[in-house]
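Chemist: Below are the structure tokens for one structure; questions will follow.
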Amino acid sequence: MEVPNVKLMAVQDLNTAIGSEEEEIVGIYLGVQNDIEGSLMFLLKMDDAHILVNHLLGRAADYKEPFDEMDLSAMMEIGNIIAGSYLSALSAMTNLNISPTVPYIAIDMAGAILSIPAIQFGQYGDNALLIETAFGGDTVLEGYFILLPELDSYDKILTSLGIML
């Protein structure tokens, strides 16, 4: 897994951060708790989500049928594992105890899924951390993390990284 691009951006700009608002994507949402509070979303474009699920379930790579319950369960577990890895890395870097809550999955247009951080705008602040990542072996897939910590959690993260405000 690589982290090729990290941006601190306004929540209202997230709608177009990964492409068109009308493009169908998969979003896995989970809360972040313990030493910091907030939320995390892991987003994949549908083609990449199909490749991941097909690989996990042993199907042909070009299988593109709509996701059934098994596919959704597999995708949610994949998202949970990837998000957990990201949070573990952040926890190790910051020496903070960071744990995810139970994940939720949605498949919808990017504009609809990305409205979730916009709804939380008043609760957590006006900026989000967008992390574009690439992972995989022979086929490299692109995913996006959106970390939306509460305001005092930003301070905890930055202080633990040695960045004084």
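The values are calculated or read from the model by the stated rules, or taken from the named source; none is laboratory data. Owing to the predicted nature of the structure, the values given are computational and were not obtained by experimental measurement. Every residue, glycine among them, receives a Cβ derived from its backbone with ideal geometry; neighbour counts consider all protein chains shown. Heavy atoms of the whole protein, side chains included, go into the accessibility calculation; ligands, DNA and RNA do not. Shrake-Rupley method; radii C 1.70, N 1.55, O 1.52, S 1.80 Å.
Chemist: Pop out the ³J(HN,Hα) list for the range 32-40 in order, Karplus 6.51 cos²θ - 1.76 cosθ + 1.60 with θ = phi - 60°, rounded to Hz; leave Gly and Pro as x.
Modeler: 10, 9, 5, 5, 10, 10, x, 9, 9
Chemist: Moving to a separate point now. Which is the longest run of the chain containing none of the trypsin sites (Lys or Arg not before Pro) found in DSSP loop states (not H, G, I, E, B) with at most 15 other C-beta atoms within 10 Å?
Modeler: Numbers: sites that count: Arg59, Lys64.
Here the longest run is 65-165.
Chemist: What's the local net charge at Met93, with K and R +1, D and E -1, over the other residues with C-beta under 14 Å away?
Modeler: That works out to 0.
Chemist: Accessible area per residue for the range 1-61 in Å², computed with a 1.4 Å probe and the full protein assembly in place, what is it?
Modeler: 48
Chemist: For the range 9-49, what size does the Cα cloud have along each of its three principal axes, sorted from largest down, in whole Å?
Modeler: 35, 24, 11
Chemist: Which of Ile28, Ile107, Ile146 moves the most in a Gaussian network model of the chain with Cα springs under 10 Å?
Modeler: Maximum fluctuation in the GNM of the chain, among the listed residues, is at Ile107.
Chemist: Bin width 10 Å, alpha-carbon pairs only: give the P(r) of the chain as whole percents, running from 0 to the bin holding the largest distance.
Modeler: Final binned percentages: 10, 40, 35, 13, 2, 0.
Chemist: Also, quick follow-up: With everything on Cα atoms, drop me the angle between helix 69-94 and the longest principal axis of the chain, reported from 0 to 90° to the nearest 10.
Modeler: On a 0 to 90 degree scale, this one is about 30.
Chemist: Per 0.36 nm of contour for each residue apart, how much would the distance between Ser115 and Glu65 grow if the chain were fully extended, relative to their Cα-Cα spacing?
Modeler: That pair, Ser115 and Glu65, stretches by 15.4 nm at full extension.
Chemist: Can I ask one more? By what distance, in whole Å, do the Cα atoms of the range 34-78 stretch along each of the three principal axes, largest value first?
Modeler: Result, largest extent first: 42, 18, 15 Å.
Chemist: Tell me which lysines have Cα within less than 27 Å of Lys156's Cα, excluding those fewer than 8 residues away on the same chain?
Modeler: Excluding near neighbours in sequence, the set is Lys7.
Chemist: Now for a separate question. Is it possible to state the helix-based mean residue ellipticity at 222 nm for the chain, with each DSSP H run of 4+ residues giving -39500 (n - 2.57), the sum divided by total residues, to the nearest 500 deg cm²/dmol? What is it?
Modeler: Details: 6 runs with 61 residues, N = 165.
Value at 222 nm, helices only: -11000 deg cm²/dmol.
Chemist: Taking the Cα centre of the chain as the origin, how large is its charge dipole in debye, to the nearest 20, when only Lys and Arg (+1) and Asp and Glu (-1) carry charge on their Cβ atoms?
Modeler: 440
Chemist: Still on this structure, please answer the following. With charges set only on the Cβ (+1 for Lys and Arg, -1 for Asp and Glu), what does the dipole of the range 3-76 come to about its Cα centre, in debye to the nearest 20?
Modeler: Magnitude of the dipole: close to 260 debye.
Chemist: Report the label-to-label distance for Ser99 and Thr16 in nanometres (one decimal), using points 7 Å from each Cα along the Cα→Cβ vector.
Modeler: Placing both labels 7 Å beyond Cα along the Cβ direction yields 4.1 nm.
Chemist: A follow-up question, please. Kirkwood hydrodynamic radius of the range 1-99 from all distinct Cα pairs, in Å?
Modeler: For the range 1-99, the Kirkwood estimate is 15.2 Å.
Chemist: Taking the 0 to 90 degree range and rounding to the nearest ten, how far is the long axis of helix 151-160 tilted relative to the main principal axis of the chain, both from C-alpha atoms?
Modeler: 80
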